[in-house]
Each structure stands twice: as structure tokens, then as C-alpha cells.
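This report concerns only the one structure given below.
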Amino acid sequence: MDFKDGDIVVVKDNAAVSPEQRGFKGAIVEMIENGQVRVRNDRTGNDAWFSTGDLRHE
């Protein structure tokens, strides 16, 4: 799946992340070459890094 800066994404329910990060929703604010994406949470404003395989478009 192709992502770009500014896309609204959600962490998949079956993602290999901590349970509290599942359902994390926000906007992509940075992408790096190894497939890691920094997402800014809509509710808290905090950023977290995820692999593209853990995300889906909203």
C-alpha cells in the first residue's frame, strides 16, 4: 500500500505492536527509506513509529 505525508492512517488490529497502540489513528508526518512511518496521534498529539505493514488508510 502506498502512503504519503499527510495521509490519515490507523494501526491495524492484528499489528505486531503493543495492545494500547492498536487502533492508533493519526496523520503521517514523516517517512524514512526503511519502511518506517511516524504518525501523529489525532487525540494526544504524540508521535509514534510504525512499519507500513502495521497501517491501513482511514
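The values are calculated or read from the model by the stated rules, or taken from the named source; none is laboratory data. Because the structure is predicted, anything quoted here is derived from the model rather than measured. As a convention, Cβ positions derive from the backbone with ideal geometry for all residues, glycine included, and neighbour counts pool all protein chains shown. The accessibility values were calculated without ligands, DNA or RNA, using every heavy atom of the protein model including side chains. Shrake-Rupley method; radii C 1.70, N 1.55, O 1.52, S 1.80 Å.
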- Task: At least 2 residues that are of a type in the set (S, T, N, Q) in each: list the strands (runs of 3 or more DSSP E) lying fully within the chain that qualify.
- Result: 36-41
- Do we have any residue at all in the range 29-42 that's surrounded by 10 or more Cβ atoms within 10 Å (Cβ to Cβ), small (Gly, Ala, Ser) and without any contact (Cβ under 8 Å) to a residue 24 or more places away in the chain? yes
- Item | The lone exception for residue 10 - which of (1) open to solvent by 80 Å² or more (accessible area, probe 1.4 Å); (2) in contact (Cβ under 8 Å) with a residue 12 or more places away in the chain it fails | (1)
- From the option list 16, 48, single residue qualifying as open to solvent by 50 Å² or more (accessible area, probe 1.4 Å) and among the small types (Gly, Ala, Ser) is 16
